[in-house]
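The values are calculated or read from the model by the stated rules, or taken from the named source; none is laboratory data. No experiment lies behind these values; they were computed from the predicted model shown. For neighbour counting, all protein chains shown are included, and Cβ atoms are generated from backbone atoms with ideal geometry for every residue, glycine included. The accessibility values were calculated without ligands, DNA or RNA, using every heavy atom of the protein model including side chains. Shrake-Rupley method; radii C 1.70, N 1.55, O 1.52, S 1.80 Å.
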Amino acid sequence: MTERKIPAIMGTQHPDNANAPFWDTAQQPFISAYRETDEAFQNYQALDVDEYMWDWEGKHADAAVIDRLFSTHYEYFKEHQLGRDKFLTFRFPNIWEEKGYNLMQAMTAFLSSEDFANDLGFDQRPLFEAILPMAQRADQIIEMQLLFEKLAQFKDATFTPTEDNKAYIEMIPLFEDFETQYHAPEILKEYLNLHEEHFGFRPKYLRVFLAGSDSALSAGFMSSIIGNKLALARLHQFAEEEGIAIYPISGTGSAIFRGGLSPRRVKRYVREFPGVRTATVQSAFRYDFSIDETKAGIKYLKEELPKAKPLVISDEDEAILSDIAQKSATFYQETLEQLVPDVQPIFKAFPKRRDRRQHVGVLGYSRSVDNIELPRAINFTGAFYSIGVPPEFIGFGRAYASLNEEQLAVLNRYYPSMRADFAELAHYVNWDALQVLKTQSSAWQEVEEDIVILKDAFDLHVGPETMAEQQHAEIALQVVEFKEGASVAITALINRMAQLRHFLG
């Protein structure tokens, strides 16, 4: 494909919604794997989402998704063809991190869906690109393409000699941590060489996915937001140098810790992440606001994202930002290591929203920081909010206080929403809950220090202001006071708080 529509909006299956989807008559916030095909269609039709991520990473996925969509909504897809007007993009499992059973299923679905589309007289291949999560190296990206090529050739020769499947797929590497995001241009340069060596041509464009959640989970909020900005600027600079079009995708949830993209923060998002060409609207964005508000947010992003001029960061500022990110990550990681044991009961009580694989180490994997096993980023984020301690504060305050005048000026320049973000976050801090937590571990004293530093620096009002925030604070104190041995009750409280703040985690 030479000319194609680049989707501005990608709906995802991230389980961060507090409320039930607008399309679910039973009004249940849990969305089973069997309902995700309905969900994809509703996202295309009702919300006018361009692209929908079909996630095979660490979760159950329906391999017959294309068959079901075409069979149930033939007239719609005849008009809005998949692969041309609307897009379904698989997120493959990473075979270097989890077992490869799902990968073979996912790749086979590419081939069978192409055959089905041909039989229906569609002129476009419905599936042609896939995301590789936790991409670390160029050889991993090309390996996915080689595996697909072999499978397509085997299928054509052995099972369907009358069909002529395309043996090429486009890969979207998903870079998750600070280091791989920062070095994305170097990884992509090597990938372009490997690609040309094997396929005999260079791609006309690349889509590159930058995670917002897992980088925050592993290194803290300050490091994550800086990492995203540096990666965006460096990718666009790389594209210019290499003479290739680049279309970054940003993986951001509604919580500020996870990127802060909600229908009420679309202007902030475009201001903070110029150069992003595809925004992920996760479950909370789509289901925790009125449908009119959600659609207005999507419309704004569609209009503004393609126009936003990419961030340009000088070499000098880049070096300063990298130092700041490293410094803040150290504060965050050293404190987090001591906090995690206290929050384990909350992690365990966290409500489920999707069919996830539970067999960590056999079929899935877990995230860890300094050998401490952590839950998924959504559960982690929501758990800290549920005890009245927004995780954005952890390490941020002390890192901020340690910066010299020049460093502060650079941070302010590249993070213009910083004061406004923390003014909002401060409303979810519960001082009383923090005093209880401080009796359990001295590390909570460090978190209190983070909050006090930012309170003074930004002149924040710490604590609730609205009635919803007041209710949130009262429930947070309850959660802290009986967090041991009452997981069913805690789950109900977590759910209620999530509704009050418009996201689960």
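Points to keep in mind about this one:
- Pick from the stretch 167-184, criterion more than 14 Å from M134 (Cβ to Cβ) and open to solvent by 40 Å² or more (accessible area, probe 1.4 Å), ranking: nearest to the chain's Cα centre (by Cα): Y182
- Only residues that are of a type outside the set (A, V, I, L, M) and without any contact (Cβ under 8 Å) to a residue 24 or more places away in the chain were counted in the stretch 84-100, giving 1.
- For the stretch 249-281, filtered to residues that are part of a strand (DSSP E or B) and touching a Gly at 6+ places or on another chain (Cβ under 6 Å), the residue that is surrounded by the most Cβ atoms within 10 Å (Cβ to Cβ) is G251.
- Tally of residues being part of a loop (DSSP other than H, G, I, E, B) and open to solvent by less than 70 Å² (accessible area, probe 1.4 Å) across the stretch 1-46: 20
- Test: residue in the stretch 283-295 that is open to solvent by 60 Å² or more (accessible area, probe 1.4 Å), within 22 Å of L206 (Cα to Cα) and in contact (Cβ under 8 Å) with a residue 12 or more places away in the chain: no
- Filtered residue count, the stretch 296-305, keeping only those that are among the charged types (D, E, K, R) and open to solvent by less than 70 Å² (accessible area, probe 1.4 Å): 2
- For beta carbons closer than 8 Å, sequence separation of 6+ or different chains, a first residue in the stretch 427-439 that is without any contact (Cβ under 8 Å) to a residue 12 or more places away in the chain and a second that is open to solvent by 50 Å² or more (accessible area, probe 1.4 Å), the qualifying pairs are K438/Q445.
- Within the stretch 214-244, considering residues that are outside any helix (DSSP H, G or I) and of a type in the set (G, A, S), the one most open to solvent (accessible area, probe 1.4 Å): G243
- Where a residue in the stretch 328-352 is without any contact (Cβ under 8 Å) to a residue 40 or more places away in the chain and its partner, wherever it lies, is crowded, with 21+ Cβ neighbours inside 10 Å, with Cβ under 7 Å and at least six apart: F347/P375; F347/N379; F347/A383
- Where a residue in the stretch 40-51 is under 14 Å from L69 (Cβ atoms) and its partner, wherever it lies, is of a type in the set (A, V, I, L, M, F, W, C) and open to solvent by 10 Å² or more (accessible area, probe 1.4 Å), with Cβ under 8 Å and at least six apart: Q42/F22; Q42/W23
- T72 being among the hydroxyl-bearing types (S, T, Y) and farther than 15 Å from L127 by Cβ: yes
- Consider the stretch 306-324 and keep the residues that are under 16 Å from A409 (Cβ atoms) and of a type in the set (A, V, I, L, M, F, W, C). The one that is surrounded by the fewest Cβ atoms within 10 Å (Cβ to Cβ) is A319.
- Selection from the stretch 185-213 of residues that are surrounded by fewer than 21 Cβ atoms within 10 Å (Cβ to Cβ) and among the charged types (D, E, K, R): E186, K189, E190, E196, E197, R202, K204
- Some residue of the stretch 399-414 being farther than 16 Å from F503 by Cα, open to solvent by 10 Å² or more (accessible area, probe 1.4 Å) and among the aromatic types (F, W, Y): yes
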